[in-house]
Each structure stands twice: as C-alpha cells, then as structure tokens.
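K.L.:
A single structure is presented below for examination.
The values are calculated or read from the model by the stated rules, or taken from the named source; none is laboratory data. Nothing here was measured: the structure is a model prediction, and the numbers come from that model. Here the Cβ positions follow ideal geometry from the backbone for every residue, glycine too, while neighbour counts run over all protein chains shown. Side chains are part of the model used for accessible areas, which takes the heavy atoms of the whole protein and leaves out ligands, DNA and RNA. Shrake-Rupley method; radii C 1.70, N 1.55, O 1.52, S 1.80 Å.
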There are 2 protein chains.
Amino acid sequence: MTPEKIEKISELLAHWPGIGPRQARRIAFYIADLEKKDIIEIADAIKEIGNIKRCKSCFFIHNEAGENCLICANSKRSKDLVAIVEKETDLITLEKTGKFLGRYLVIGELSKDGILTNTNNARIESFKKSLGGEILEEIIIALSPTTKGDVNASVLTSLLEKSAKKISRLGRGIPTGGEVEFADEETILNSLLNRK
Amino acid sequence: MTPEKIEKISELLAHWPGIGPRQARRIAFYIADLEKKDIIEIADAIKEIGNIKRCKSCFFIHNEAGENCLICANSKRSKDLVAIVEKETDLITLEKTGKFLGRYLVIGELSKDGILTNTNNARIESFKKSLGGEILEEIIIALSPTTKGDVNASVLTSLLEKSAKKISRLGRGIPTGGEVEFADEETILNSLLNRK
C-alpha cells in the first residue's frame, strides 16, 4: 500500500533519536508534499554533514581550517583541566556558562551497561597518548547523573586514575535523573562550582 | 559555537512534523556521528522522494508505471463513492479496513481556520472537472472529528453539495477497546445518537 520510497525513508528515519515508526512515516509523507527544490535542499544539507570535520584532540565537530577546534586551538584554555563529555551537545551546554576554562574530550555515545564502544576506547586511547605520560591537575567526568552516567563514570575513573591528580564529577546541582544537555545555565554553573 | 552545517540542517529539521528545535539539533549531531556512507544513504533516500509520482485522479503518491495509483486503476472500485481524506496516511488507515470499496480524494494538509490552500483548491477543481457534471451517489468527508476537521468539513460540504446525492462524515462514537467510563460527554452523546 505505502509506496516503496516512502517505506525506505521511513525505516531510516525511525532510527533517529526520539522518532518512532509512526512519526517517521508521517515525516516521509510530509517530505513527499514539499516542493522538489526543498527536498533537494534537505538532502544536500544532510550530505554536507558527512563532510564535517572532527577535532583531532577533543573530537568535537568544527568548521575550522586546521585540525583542531577553536577551543583546542585556544592557548588561553588550560591544558591541565579536562572535562569528559558524552555528546557534542553536552560540550555546548558547558561552554555556554563561559566559566569553564579547561578543555574537553567528547567521548561519544556511551552504553547503558558501562561497556565502552570502539569509538569510546579509540578516543580515550588518543587522549592518553596525547598526554604522553603527563599528569593533569584534574579530569571532570561531566556525564549526566543518571544510572548510565554513574556506571560509565566508574569505568572512566578507573581507566583514567593515573592520568590526573584529581578526578571529579559534576556537582549534584543537576536534579538526579536529569540530562546535562537540558540543564539551564545556572544549574550547570553551580554543578561546575560544586564539583567534587 | 555550534558548527554552521549543524545549524543549517537543524533549522530545516525543525520544520518537520513533531520535531522541535532541540530535537532537531540532537538529530543533527546524531547524523554527524554516523558513518559517511550511512549519511549519503539517508540523503539519497530523501532525494528519491522528490521523484515520487502522484496519482492524477486521487493525488495519492504511488510507484506505478501509469498515471494512476492502483486504487484508481482498479475497475472494481466504485466510481460512485468517494472518500475525501486530508493525508496519505488517512487513506492508508481507511484502506487497511478492506471494507471501503469506493475511491479517494487526498485533499492535502488543511488549515485550522477552514481557508483552503492552493493545493486543496487545485485538487477539488481537478476532482470536480473529472466528474464532468456527473452526480455521485455519496461523498464521505473522512476528516478527523476535531475542531479543525469540523470547520473544514463544512467548507467542503458547501463546495461539493452539488456533486453528490449524499454527503456524509465518519461516524462518531467510542473507539473499539475504549471504556464508556472514560469517554468524554461529546463522544458518549455521539455514541448514543449513532447507536445501532
């Protein structure tokens, strides 16, 4: 009944975060109703994401000419303080406070059970290698205070305990069960100040 | 802070049904994390939607070789009974019952205030023209029983009253599996009036 091309895109969209099979189909039909030029604009904008660059140091995505993002290229940012975040959006939320003057490591989507993915492991390895035996002042494990965040924080702490004098987590200014990404700036700022 | 390419696709995605700005950005970053070949697959599948065909009679989208969809090309389907639906997905839902043996007119997204869009008007004109003065047995205005559906149903009824002997709407009542106890007054009243 449903045209094949609609089925195809519906299946792909249903894998996107927060989109179920029903909404995916609704979106597919919505796209089918757009003007052809608008459809091509969307397709091209998505294709462009494939050409985005990732920082060689922190793995944040960026538009810069060099290999590093603006944060890692900024010599005023402390090399002795690193916040480990799960996602790019977490980094952006922390950065918006304007009060964090260290650097980041975007570790990539974590699993619920604390088993690190290949991406997670590769980024940790690259991070450790970049330290070259140097011991940092502090690593802030800026994961969400959820069960998943707690499990992964333990794993990361044991992997990184020799890389910094202190390993901290964000203060529980964030309501338990909440997500870093959605916290307001004030809460995030307090959680930075109250880290322990 | 957020890379330009991410902003660009986020803005486009935020126009999709059921997607807000925050989810749009989350999806954009999700796409950025995919393998390049997967990103291209999505972009190509969306582009393909631009090449989809729309039935010359009912405006449903289809994959057939000819101008018409399988329903309109089926000589067993009554030409004297037409259901007017808003969206392709509504047509699919009605079609799944297997009990409707008439034809359809997919009128396209309707506005809340009952002012018909250019698409709506063009499809009604094309439908009337295809009748060539013939008077149908019945037109079922199969819009949702919502304020928006009611407003638009009145508009369509007055536009089409000369095109059919009878103009009906879908029956209202308690949905199968629904509890009398929890039905709202309007629904209960309708279920009493439509009892059989």
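K.L.:
Note down the nm distance, to one decimal, between modelled labels 7 Å out along Cα→Cβ at A:Ser78 and at B:Lys36.
P.N.:
Taking the two extended label points, one gets 3.8 nm.
K.L.:
Mean-square fluctuation check for chain A, GNM, Cα pairs under 10 Å: which of A:Glu161, A:Glu41, A:Glu186 is largest?
P.N.:
Among A:Glu161, A:Glu41, A:Glu186, the largest mean-square fluctuation in the Gaussian network model of chain A belongs to A:Glu41.
K.L.:
Please express the Cα-Cα pair-distance distribution P(r) of chain B as a list of whole percents, one per 5 Å bin, running from 0 to the bin with the greatest distance.
P.N.:
P(r) for chain B, in whole percents per bin: 1, 6, 11, 15, 15, 13, 11, 11, 8, 5, 2, 1, 0.
K.L.:
Note down, for the protein assembly as shown, the three equivalent ellipsoid semi-axes (square root of 5 times each alpha carbon gyration tensor eigenvalue), biggest first, whole angstrom.
P.N.:
54, 24, 17
K.L.:
Next up: What are the ³J(HN,Hα) couplings of segment A:161-168, residue after residue, when phi is run through the Karplus curve with 6.51, -1.76, 1.60 and θ = phi - 60°? Round to Hz, x for glycine and proline.
P.N.:
Karplus-based 3J(HN,Hα) across segment A:161-168 equals 4, 8, 9, 8, 5, 9, 10, 10 Hz.
K.L.:
Given the protein chains as shown and a 1.4 Å probe, how many square angstrom of B:Arg169 are accessible, to the nearest 10?
P.N.:
Counting only protein heavy atoms, B:Arg169 exposes about 80 Å² to solvent.
K.L.:
Okay, moving on. Using a basic spin-label model with each label point 7 Å from the Cα along Cα→Cβ, how many nm lie between A:Ser154 and B:Thr117?
P.N.:
Reported label-point gap for A:Ser154 and B:Thr117 is 5.3 nm.
K.L.:
Pop out the ³J(HN,Hα) list for segment B:83-98 in order, Karplus 6.51 cos²θ - 1.76 cosθ + 1.60 with θ = phi - 60°, rounded to Hz; leave Gly and Pro as x.
P.N.:
Each residue's phi maps through the Karplus curve to give 9, 8, 10, 7, 10, 3, 5, 5, 4, 4, 4, 5, 5, 5, 5, x Hz.
K.L.:
Let me ask something additional. Accessible area per residue for chain A in Å², computed with a 1.4 Å probe and the full protein assembly in place, what is it?
P.N.:
With all protein chains present, chain A gives 50 Å² per residue.
K.L.:
If you line up the long axis of helix A:118-131 against the longest principal axis of chain A, both from Cα atoms, how many degrees apart are they, to the nearest 10?
P.N.:
40 degrees
K.L.:
Could you pull out every residue, at least 5 positions away or on a different chain, whose amide H is within less than 5 Å of the one on B:Lys53? Hs are placed 1.01 Å off N in the peptide plane, and Pro or chain starts have none.
P.N.:
Close amide H contacts, sequence-distant or interchain: B:His62.
K.L.:
What do you reckon, how do A:Asp113, B:Asp44, A:Asp90, A:Asp38 stack up by accessible area (1.4 Å probe), largest on top?
P.N.:
Final ranking, largest accessible area leading: A:Asp113, B:Asp44, A:Asp38, A:Asp90.
K.L.:
Just reorder B:His62, B:His15 by solvent-accessible area, largest first, 1.4 Å probe, all chains present.
P.N.:
B:His15, B:His62
K.L.:
Out of the DSSP beta bridges found with both residues in segment B:1-150, what percent are antiparallel (nearest 5)?
P.N.:
Around 20 percent of the beta bridges assigned by DSSP in segment B:1-150 are antiparallel ones.
K.L.:
Summed for both chains, how many Å² of accessible area, to the nearest 100, are buried between B and A with a 1.4 Å probe?
P.N.:
Approximately 5300 Å², summed over both chains.
K.L.:
If I ignore ligands, DNA and RNA and count only protein heavy atoms, how much of B:Glu109 is accessible to a 1.4 Å probe, in Å² to the nearest 10?
P.N.:
Accessible area, nearest 10 Å²: 110 Å².
K.L.:
When only C-alpha pairs under 8 Å and at least 6 residues apart count, what is the relative contact order of chain A, in percent? Could the numbers behind the result be given before it?
P.N.:
Working: 279 pairs, mean separation 30.5, N = 196.
Value for chain A: 16 percent.
K.L.:
If we count every other residue with Cβ under 15 angstrom of A:Ile6's Cβ, Lys/Arg +1 and Asp/Glu -1, where does the sum land?
P.N.:
Numbers: positive: A:Lys5, A:Lys8, A:Arg22, A:Arg25, A:Arg26, B:Lys47, B:Lys53, B:Arg54, B:Lys87; negative: A:Glu4, A:Glu7, A:Glu11, A:Asp33, B:Asp44, B:Glu48, B:Glu64, B:Glu88, B:Asp90, B:Glu95.
Result for the local shell: -1.
K.L.:
Quick one: which residues, 5 or more positions from A:Thr117 or on another chain, have an amide H under 5 Å from its amide H? H modelled 1.01 Å from N in the peptide plane, none for Pro or chain starts.
P.N.:
Excluding prolines and chain starts, which carry no amide H, the hits are A:Ser111.
K.L.:
Another one. Across the residues of A:15-25, average count of Cβ atoms on other protein chains within 10 Å?
P.N.:
4
K.L.:
What net charge is computed for the residues neighbouring A:Lys148, neighbours being all others with C-beta under 15 Å from the C-beta of A:Lys148, Lys and Arg scored +1, Asp and Glu -1?
P.N.:
-4
K.L.:
Could you pull out every residue, at least 5 positions away or on a different chain, whose amide H is within less than 5 Å of the one on A:Ile140? Hs are placed 1.01 Å off N in the peptide plane, and Pro or chain starts have none.
P.N.:
The answer is A:Val82, A:Ala83, A:Ile84, A:Ser168.
K.L.:
Which percent of the accessible area of segment B:71-186 is formed by carbon and sulfur heavy atoms (probe 1.4 angstrom)?
P.N.:
Numbers: 3580 of 6770 Å².
Summing carbon and sulfur atoms, their accessible area is 53 percent of the total for segment B:71-186.
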